[in-house]
Amino acid sequence: MNDATRQARSPSDRARQEETRAKAMGHIVLNVTLAVLFIFLFLRAGSLPSSMWEPLGSGSFPRMVLAALVVFNGLIIATEVRHFIAMPALPAKALTGWCYQHRLAFGVLGLFTLFILAVPILGFRWSSLPFLIACQFLLGARHFRGILIAIAVALVMSFGIEALFRDVFTISLPRGLWN
Amino acid sequence: MEAFLSGVDQLFNLPTLLTMLVGVIAGVIAAAIPGFTITMAIVLTLPLTFTMPPLQGVATMLAVYIGGYTGGMISAALLGIPGTPSAVATTFDAFPMARKGEPGRALALGVWASFFGTLISSIVLIIAAPPLAMIAVKLGAWEYFSLVIFALTIVASLVGSSMIRGLMAGTLGLLIATIGADPLMGVTRFTFDIPVLSAGIPFLVVLIGIFAVSQLLQEVENPEQIKQGKALISSNIDFHPLAVLREVVMQPINLLRSSLVGVFIGAVPGAGGSIANLLAYDQAKKGSRTPEAFGEGCSEGVVASESGNSATSGGGLIPLIALGIPGSAVDAVLMASLMVHGIGIGPRLILDHADTVYGMFMAMFLASAMMLVVCLLSMRLFLKVTNVPKSIIVPVVLTCCVVGAFTLNNRVTDIYLLLGIGIFGYVLTKLDYPLAPLVLGVILGPIAETNLRRALMTNEDWTLFFTRPVSLMLLVLAGVSIIMAIRYRIKHQRRTTALE
């Protein structure tokens, strides 16, 4: 048991410590990944062509930005490693619990991803219609009245929007492979 | 006087007044939908004006323009998603205010601030168009770069709880802006032959993805609230515009300063509402007696952002009318509409078509008055959005975002980018990164790079940044801005420590 664990007397203190540790872990994973990416891009930017007409060339500005990003990432990693070490270890099922708590957000994100991937294939109308119905169902439109409203909203926002853009604004939304 | 009366006569007839009214309503609605921008609304209006007399056409488009600047505030306040890039700073205080149960106050503050901002900018436009335009176009690459450096110091005000994470987000925005074709040589950078990246990452896709997708995903994080069919804001509809008018008028310095920032930024070609609202917000925070209240639902923040962005409408017309140089994409479309009617744009515009120019001045006043009436009458309707359950709002707004991202360039790849940026934005939000500096970086990145390289291409002597008076003045302002931000931070930390 380290100092932090001993000091955390109330459940809210413990929850705060767990959150700090989890966030520190998230920062370390994200910032290490980004730092590697930025170092790679920094090296890559060095091979961008320069011009005889200008002293900077196309790689200089990105390199300045990338150098700053590598430094900021380093500072964040150093800070977060300190937080990570200072806080007690997370309970075994912390990640599973967090994912379960965020299940609706992940569900909506999954449906949104499917919708976007389906747009070029099925077209806007036929991809947005099931997305709108499924998303509303997922978020609680389970009873007869709710489902009826969900279908009406979905029809207006898919077929209605497509018709509005086609006929009024003369903009064609994606029609899919079969139209 | 004769030209003025002729302009007024052309403006005050039923068809023109009707099309202007429709324009204001269309502008408000279009900008209120996340993903739809004022530029898009103006471009869609352009073909409809071809059959109208010149002044009617331009007045209608000005009405859409002014309505749009106010409309962007509606989704910023009610959903936390800026309807247009010029409403980013409005989300900082209007959304928390709405969340605290005062959505009506947030909207009323925005409407009045927009009205006064447009009014002040129209007055400046009439009085000072020629001298201001001369100053604006005399700015060289050195001054532009220094202006961007000054604007970048706003990041210090937007960083939230961690300075380093804010700086990281701002710099990340600068990096995102470098993806795609190099602005001067046309060389593609960091695209790795991936078709989705070949055209770069459009700024508006970043804005929609970062704010809308991540905000909406956060809205559905709590299954208990969703199960109860909770709306975005659970409160009664309370809208008292006259009481709020007093609150706005009691902030004359904030209102005037923010409007003048908007006029100046609008008059500088290439800048615009997307920078003005952030700059005005930053200046208001620095000049406030209670800077710690900013970001928590402070009325000064809403007034600054909304008057600042609305004032760019008049500011943008300054170089257009005085010199024939459009200050922004919207001004370029306005210019096109005049040219379609055979009106030559340039320094002689005011001499050759004085009636049209006076008519445009009057149209600005008229459109802002119409915007005020339309908004005051319709805000109760918009406020009903807050009572719609999240189960309907979230998928509907996500669909609007897809439509908006696609119609920007008619590219399916932009909606893939929207998804990717949305997920990235959500991850950043979960790790407490502020998103506004990232958007600021994406806006300012291309302007900074282009002008830095152009300045050094013209003359390799970098000391020119410090020896040209306007450039030096802007750099000094940037320095002062940073010192003030650090001073505020130290003070704030001391106060927090003392309270603990």
Among (1) facing chain B (nearest Cβ under 8 Å); (2) assigned to a loop (DSSP other than H, G, I, E, B) - the single one A:F165 does not satisfy
(2)
Look through region B:266-279, keep the residues that are part of a helix (DSSP H, G or I) and at pLDDT below 85, and return whichever of them is surrounded by the fewest Cβ atoms within 10 Å (Cβ to Cβ).
B:S274
Residue among B:V330, B:V357, B:V373, B:V303 that alone is assigned to a helix (DSSP H, G or I), surrounded by fewer than 19 Cβ atoms within 10 Å (Cβ to Cβ) and hydrophobic (A, V, I, L, M, F, W, C):
B:V373
When the residues of region A:50-72 are filtered to those that are more than 19 Å from B:I447 (Cα to Cα) and out of contact with any Phe, Trp or Tyr (no Cβ under 7 Å at 6 or more places or on another chain), which remaining residue is nearest to the other protein chains (Cβ to nearest Cβ)?
A:F72
Test A:F106 against the criterion of being within 22 Å of B:R411 (Cβ to Cβ) and facing chain B (nearest Cβ under 10 Å), and give yes or no.
no
Which of (1) surrounded by fewer than 22 Cβ atoms within 10 Å (Cβ to Cβ); (2) under 17 Å from the mean Cα position of the chain (by Cα); (3) among the polar types (S, T, N, Q) is the odd one out, the single condition B:S162 does not satisfy?
(2)
Residues being within 11 Å of another protein chain (Cβ to nearest Cβ), within 24 Å of A:M52 (Cα to Cα) and either of a type in the set (K, R) or not in a helix (DSSP H, G or I) (or both): count how many of those fall in region B:163-187.
8
Hits in region A:130-146 (condition: surrounded by fewer than 21 Cβ atoms within 10 Å (Cβ to Cβ), facing chain B (nearest Cβ under 10 Å) and modelled with pLDDT of 95 or more)
A:I133, A:A134
Residues (more than 7 Å from chain A (Cβ to nearest Cβ), touching a residue at least 12 places away in the same chain (Cβ under 8 Å) and hydrophobic (A, V, I, L, M, F, W, C)) located in region B:381-401
B:F382, B:L383, B:V385, B:V388, B:I393, B:V397, B:C400, B:C401
Which residues, taken from region A:62-78, are free of Cβ contacts under 8 Å to residues at least 40 places away in the same chain and of a type in the set (V, I, T)?
A:V65, A:V70, A:V71
Might you let me know whether region A:32-43 holds any residue that is small (G, A, S) and surrounded by 13 or more Cβ atoms within 10 Å (Cβ to Cβ)?
yes
Please count how many residues of region A:84-117 are in contact (Cβ under 8 Å) with a residue 12 or more places away in the chain and closer than 28 Å to A:I171 by Cα.
5
Quick check: anything in region B:370-380 out of contact with any Leu (no Cβ under 7 Å at 6 or more places or on another chain) and either within 14 Å of chain A (Cβ to nearest Cβ) or among the hydroxyl-bearing types (S, T, Y) (or both)?
yes
Could you list, in sequence order, all residues of region B:188-221 that are at the interface with chain A (Cβ under 8 Å from one of its Cβ atoms) and buried (at least 16 other Cβ atoms within 10 Å of the Cβ)?
B:R189, B:F190, B:V213, B:L216, B:L217, B:V220, B:E221
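Which of the following residues is at pLDDT 85 or above and either part of a helix (DSSP H, G or I) or not hydroxyl-bearing (S, T, Y) (or both): B:L440, B:L472?
Working: B:L440 fails: at pLDDT 85 or above.
Answer to the check: B:L472.
Yes or no: B:M52 surrounded by fewer than 23 Cβ atoms within 10 Å (Cβ to Cβ) and in contact with a Pro (Cβ under 9 Å, 6 or more places away or on another chain)?
Details: surrounded by fewer than 23 Cβ atoms within 10 Å (Cβ to Cβ): yes; in contact with a Pro (Cβ under 9 Å, 6 or more places away or on another chain): yes.
Here the answer is yes, as B:M52 does meet what is asked.
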Checking the structure you have, find out if any residue of region A:77-85 is outside any helix (DSSP H, G or I), among the aliphatic types (A, V, I, L, M) and over 24 Å from the mean Cα position of the chain (by Cα).
no
Among residues of region B:403-423, those that are within 7 Å of chain A (Cβ to nearest Cβ), within 21 Å of B:A30 (Cα to Cα) and modelled with pLDDT of 90 or more, counted
3
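The values are calculated or read from the model by the stated rules, or taken from the named source; none is laboratory data. Worth saying up front: this structure is predicted, and the values here are computed from it rather than measured. Note: ideal-geometry Cβ built from the backbone for every residue, glycine included; neighbour counts use all protein chains shown.
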